[in-house]
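Below: the structure, in structure tokens.
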């Protein structure tokens, strides 16, 4: 039996189900308003996280589902605005030494942790420089086993990288100058946590989050809902001097069915929906990615390019048995796979033009290094793909074994589309749908030969994407186990290069090298897309697609 055909039939069945379900939703939405749930006077922002939330410990904030609530509960030393500029946060100013090895941060004195039983009397205490040092040291402590430990690998001093000079002054020491360090410090991994609470709860700290952010954890019924309440003692104010946040609470549901999620949104139970399920995207959007007229006034469509590259990864570790026994170990085969996919067609028909076809490098647009303009990628060229297969010893694909592509359910359509196009040039691909947790585990353990992946920037610098291919980095971020000594030399040069133009040129050179070696098949540079209720104000997408709720409000 052809597994791909089976998947196609299943996907078609799902489409029929979702289209029917979609119209049921619409009818329900049009029922008299008296039948709907009575609203509270409180301003409650609600959203659904279909993949669930694994933890609220920022040391493990490795994906968007975790980053979003972590961003509400915690603060970092510095933060990034919508234009990708570094701004003060917990630190209101900082100095950099002449040799660019020492960063000294001066902390605000009006920031307090949320109330917690670990503190005397249960009242949150003032945040100090010791807390910053503890939080960052915790990331690199091997006993923590943080998925973000790599962000400081070969970058910070090996003796005493993080030091509290006094209660309000924190110092960071680098091994060598590293331009993106402030961006790294804005990442959710670097959120500031209190030692007492971490030690009190141990591994269960994941469920007992305590930070200094605009919202604090009120309850978490795993698999059902999570509720965050406004932090009445939050330190930030708006330009008029009013306290932030405006919202009283944030409620997160965990419906794993996207049709149910959309039904909840249309009934007014969710404030917004992130992204659009493929099953009913055609009902909402034109092929140009515009909202269809029948939804005008009922839904606000927000779109914004953001720093995420969607791709297929190909493991290239020559010592891995999976690679040794697969033709994907041959560069020409990997290049043929790249040429086989019509990315523009995929974007129009599978994504309704949400995103940009990745026909340049691995680094998405929006960064000053201009990789998407100057790096040459792969365009659709089936003749070139067939030529490369012939050069690799597989004319018309003869002799090629079936290659298994691992993906998750919501990307089944994308995987099937790509598999179909690769089959047309002679590359047999079998799509296998697995749970997200299993896919993450297998890619981290180098057990996935060919897999669907995405890389959302932890900080706004092309180096963050190039770190995925530095051979001395583990997985994450080097999921493909790419190893190229020439690339490593360029990468290490980029870390110490002070001149922006020269450093950007190195980024582009590295990106081109990766594209030529083809350990990845970039598919598209992503775009954040939100469906928002018309009464939600002050809520906007951003280049990092972080959920920003400090200045959001809901009109009653």
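Just so you know, all these numbers are worked out from the coordinates, no wet-lab data involved. Note that the structure is predicted; figures quoted are calculated from it, not measured. Positions of Cβ are generated from backbone atoms using ideal geometry, with glycine treated the same way; all protein chains shown enter the neighbour counts.
Ranked for footprinting exposure by Cβ neighbours inside 10 Å, fewest first, 125, 452, 334, 292 give 292, 125, 334, 452. Taking every DSSP beta bridge that has both ends in the chain, the antiparallel portion is near 85%. For the pair residue 302 and residue 142 in one chain, pulling the backbone fully straight at 0.36 nm per residue adds 53.5 nm over the alpha carbon distance. Values of log10 I(q)/I(0) for the chain across q = 0.11 Å⁻¹ run -1.07, by the Debye formula with one identical scatterer at each alpha carbon and no solvent. Ranked by the mean number of other Cβ atoms within 10 Å per residue, highest first, peptides 65-75, 348-358 order as 65-75, 348-358. Tell me, how many Å apart are the Cα centres for region 181-201 and for region 526-541? Result: 28 Å between the Cα centres. The order of 492, 117, going from fewest to most other C-beta atoms within 10 Å of their C-beta, is 117, 492.
Per-residue Cβ neighbour counts within 10 Å put 258, 344, 288, 537 in the sequence 288, 537, 344, 258, beginning with the fewest.
Annotation: peptides 197-205, 480-488, 436-444, ranked by per-residue average of other Cβ atoms within 10 Å with the highest first, follow the order 480-488, 436-444, 197-205.
The alpha carbon radius of gyration of region 306-527, expressed as a multiple of 2.2 N^0.38 Å, is 0.96. Could you tell me what percent of the DSSP beta bridges with both partners in region 306-527 are antiparallel, to the nearest 5? Around 70 percent antiparallel, to the nearest 5. Among 400-408, 512-520, the peptide with the highest mean count of other Cβ atoms within 10 Å heads the list, and the full ranking is 512-520, 400-408. In terms of its C-alpha gyration tensor, region 124-171 has an oblate overall shape, because the principal axis ratio a/c (a ≥ b ≥ c, square roots of the eigenvalues) is not below 1.5 and a/b does not outweigh b/c. Under the simplified labelling scheme, the residue 489-residue 269 pair shows an inter-label distance of 6.1 nm, with each label point 7 Å from Cα along Cα→Cβ. Between residue 97 and residue 238, residue separation times 0.36 nm minus the direct Cα-Cα distance comes to 47.5 nm.
Look at where the Cα atoms of region 295-311 and of region 202-275 average out, and the two centres are 21 Å apart. In this rough spin-label picture, where each label sits 7 Å from Cα along the Cβ direction, the residue 221-residue 318 distance is 5.7 nm. Note on residue 420 and residue 556: the extension gain reaches 44.1 nm, defined as 0.36 nm multiplied by sequence separation minus the Cα-Cα distance.
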